[in-house]
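Below: one structure, written as structure tokens.
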């Protein structure tokens with residue numbers, strides 16, 4: 001479970017709830033809870049998403065969205081560097097084909113597939129192209145889910161505004177049909193109160209659209225992008241390690257090369273530990 005995502009959502013909803021509560025109480029007016037307005041915003045956003053993307057992409061988006069809430073455990077960069085150094089030493093002593101015996105036990109699919117191709121492929125350029133293509137393919141798949149959420153973040157406020165316009169049209173039409181010269185003369189105060197109340201209800205859909213866009217859809221898209229950037233950085237370390245093993249570089253040289261992917265403090269600590 002990603003604590004930051006859950007905590008951010010809860011804290012954001014708390015602040016919104018607190019902000020719309022009446023002074024001296026913690027009870028928001030019922031005006032803020034409008035099922036039809038919420039249906040217009042959520043339903044319209046989903047409808048526009050289905051128009052824009054194939055159904056399989058929309059279904060896949062639901063699966064991708066879980067990555068924003070559940071951060072599966074992964075090895076640190078130093079653990080990966082140490083692992084690649086171990087494989088490099090084994091390949092140097094026993095030959096590259098000896099790594100075939102440990103492929104089935106690897107958790108990282110990219111590392112498993114990359115080393116398998118390193119064993120079979122003699123041309124380093126072809127191996128590099130394969131690893132690069134696999135990496136780019138992963139980035140494209142992840143970018144699709146991010147793009148859908150970013151677009152949903154733009155659809156939601158638009159449908160919120162649409163709901164507001166619809167509410168204002170209905171309110172004005174009803175007000176015009178029930179008002180007359182006599183009613184303005186005798187009940188102007190009641191008429192104005194009804195008008196302002198109806199306007200408040202109409203604006204609720206804009207509230208829903210802005211809230212969903214800026215607290216849910218766009219932040220989730222940003223979190224997914226962060227996840228992708230972290231994974232790409234990890235896979236670039238693995239890619240550099242596989243190419244180094246394939247070219248039969250010395251494990252110490254490979255380790256120094258991979259340490260350039262981590263920050264300065266981690267690099268210093270790793271070098272001090274290896275002394």
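The values are calculated or read from the model by the stated rules, or taken from the named source; none is laboratory data. All of these numbers come straight from a predicted model, not from anything done at the bench. Virtual Cβ from ideal backbone geometry, glycine too; neighbours counted across all protein chains shown.
Summary table below
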{"read-out": "Conditions (1) in contact (Cβ under 8 Å) with a residue 24 or more places away in the chain; (2) assigned to a helix (DSSP H, G or I); (3) loosely packed, with under 12 Cβ neighbours inside 10 Å; number of the one not met by residue 62", "value": "(1)"}
{"read-out": "Residue selected from segment 33-45 under the condition in contact with a helix residue (DSSP H, G or I) (Cβ under 6 Å, 6 or more places away or on another chain) and assigned to a helix (DSSP H, G or I), by the criterion surrounded by the most Cβ atoms within 10 Å (Cβ to Cβ)", "value": "41"}
{"read-out": "The one condition in (1) exposed (fewer than 11 other Cβ atoms within 10 Å of the Cβ); (2) over 20 Å from residue 204 (Cβ atoms); (3) at pLDDT below 85 that residue 25 fails to fulfil", "value": "(2)"}
{"read-out": "Top-ranked residue in segment 224-270 [being more than 27 Å from residue 95 (Cα to Cα), assigned to a helix (DSSP H, G or I) and without any contact (Cβ under 8 Å) to a residue 60 or more places away in the chain; ranked as nearest to the chain's Cα centre (by Cα)]", "value": "226"}
